[in-house]
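See structure below.
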Amino acid sequence: MSLANAILAVAQNPTSVQHRVTLAAIVQSFHPTFGSAIWGATTRFAVSRGQFFPALLLAHKYLDEQTQLKIFSEMAVRYGADQAENAAYIPPPMVPAIDVEPLPTAHDALLKLAHRIGTSLDGLLLPEHARMPEIPIFHELPAVEFVTLAGALQEVTFGEGDILLQQGDTEQSIYLLAYGSVKVTKTRPDGTFVELAEVSAPAIMGEMSLLTDVPRRATVTAMGTGMAWKIGARLMGVLNREHPKVVEHLLGIIKKRLLTNVIRSSRVFNDVEEHEILLQHFDVMTVKADTEVFAQGAPPPGLFVILHGEAEVWTEDEEEARVRVATLNEGDAFGEFSLLTEQPTTASVWMPDGGVLLHLPAQRFQQIRGAVPTLDEELTAMMDVRRGELQAIAYSFGDGFEGFTIEEVTELDSLL
């Protein structure tokens, strides 16, 4: 595209980020100073009109460090945790076409006109109190942490079929999907291939890896061209050393998000209305590989919900023969028997590969029991179902139920 055509494109559609980007690139090739000014104005234009990801990309690619800092600070005000409480949605202002014809014929005159058109933002910017889209992670970060993370992100582009996250990998990294769509798939132990979901930007992927080194439980594959911002293990290490508050906030946001998701999706909490009360009392607990969450015969430890990983439930008879009676997955709960009966645990629970749990200690459960009556009802119903399942297992095996040892558990698995 010629310089003249780029000027006309912006003049005819002043609210187009793409036209302004094209103009900046062409001017940059002729006049770096003018080009830099247009890049800065275009980025600010994107920031103020709710175009978070275009602004982030432009800032990383075309702005110097000092200008970047100013832009990220403005983004923190508009998109971060410090956004005005009275922020309200305001439609982006529209302006009529700019009359620039007839265009000058002299090249220098064209450059000056391009500079004027490209840097003039009069009437185009939303006020600071305008509500902006909620961007995952960033909308909960205070200004200092916002600016630090925005400047440290790593750009990742991908094409159709590219794998962003691989089931079984233990790489500690998360992706903030900025453009495009991905599909989430899983291969089950029996070799069955399952498509779990399709996800479009903006979205967070792989955040569980920052809380545990349990291998990833699904694969994320690009459905077309797109772009994401990566927070990898090396970046997390640098941030942890130089900006620990950023990591602290980041992990806190991820934990809250996971906790909210599991409470909304878990079968245990389907009919529990008092979600906010629950959120305040649950802890997120990271479990290392081959860890016993609690032993059989232990005092009531509380209620547990699996956020990530698998848990095995084992019982032991008087002769110390062990039997695995259940395998639990994400969203499943355990610990309700001892919690409701206030008796010692009747089984032990292990996480062979480790994982992440949501934990409501027994003491806190007693404190909120009256305030969340439906939770008590749901747990009681679940306990009755579990008791029936255990009785059915015991009946099906008859007198031989207690005779199974840990070495024979593979035979039991085929029956369960």
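The relative contact order of region 153-242 comes to 48 percent, based on Cα pairs under 8 Å that sit 6 or more residues apart. Distance between the 7 Å Cα→Cβ label points at residue 5 and residue 170: 5.5 nm. Protection proxy ranking, highest mean first, for peptides 368-375, 76-83, 144-151: 144-151, 76-83, 368-375, where packing is the per-residue count of other beta-carbon atoms within 10 Å, averaged.
Among 162, 283, the order by Cβ neighbours within 10 angstrom, fewest to most, reads 283, 162.
Kirkwood-type hydrodynamic radius, the chain: 25.1 Å, calculated from all non-identical alpha-carbon pairs. At full extension, residue 97 and residue 316 could sit 70.9 nm farther apart than now, given 0.36 nm per residue minus the alpha carbon distance. Between residue 181 and 223, 224, the built amide H atoms are under 5 Å apart, and every one of these is 5 or more places off in sequence or on another chain. Give the relative contact order (percent, whole number) for the chain; include only Cα pairs under 8 Å separated by 6+ residues. 12 percent. Taking a Cβ cut-off of under 10 Å around residue 50, the surrounding Lys, Arg, Asp and Glu residues balance to a net charge of +3, with basic ones at +1 and acidic ones at -1. Dividing the mean sequence gap of close Cα pairs (under 8 Å, 6+ apart) by how many residues region 105-261 holds gives a relative contact order of 29 percent. Taking other residues whose beta carbon is less than 9 angstrom from the beta carbon of residue 306, and scoring Lys, Arg as +1 and Asp, Glu as -1, yields -3. Within the listed set 103, 177, 340, the residue fluctuating most in the Gaussian network model of the chain (springs between alpha-carbon atoms under 10 angstrom) is 103. Extending 7 Å from the Cα toward the beta-carbon at both residue 121 and residue 235 defines two label points whose distance is 2.4 nm.
Listed by number, the DSSP H helices of the chain that run 30 Å or longer by alpha-carbon position along their axis and have mean Kyte hydropathy of at least -0.5 are 244-265, 373-397. Using a/c under 1.5 as the rounded threshold, could you call region 153-242 rounded, prolate or oblate? The axes a ≥ b ≥ c are square roots of the C-alpha gyration tensor eigenvalues, and prolate needs a/b larger than b/c, oblate otherwise. Since a/c reaches 1.5 but b/c is at least a/b, the shape of region 153-242 is classed as oblate. If you plug the beta carbon distance of residue 290 and residue 60 into 1/(1 + (r/R0)^6) with R0 = 35 Å, you get a FRET efficiency near 0.25.
Just so you know, all these numbers are worked out from the coordinates, no wet-lab data involved. Source: prediction; values computed, not measured. Note: ideal-geometry Cβ built from the backbone for every residue, glycine included; neighbour counts use all protein chains shown.
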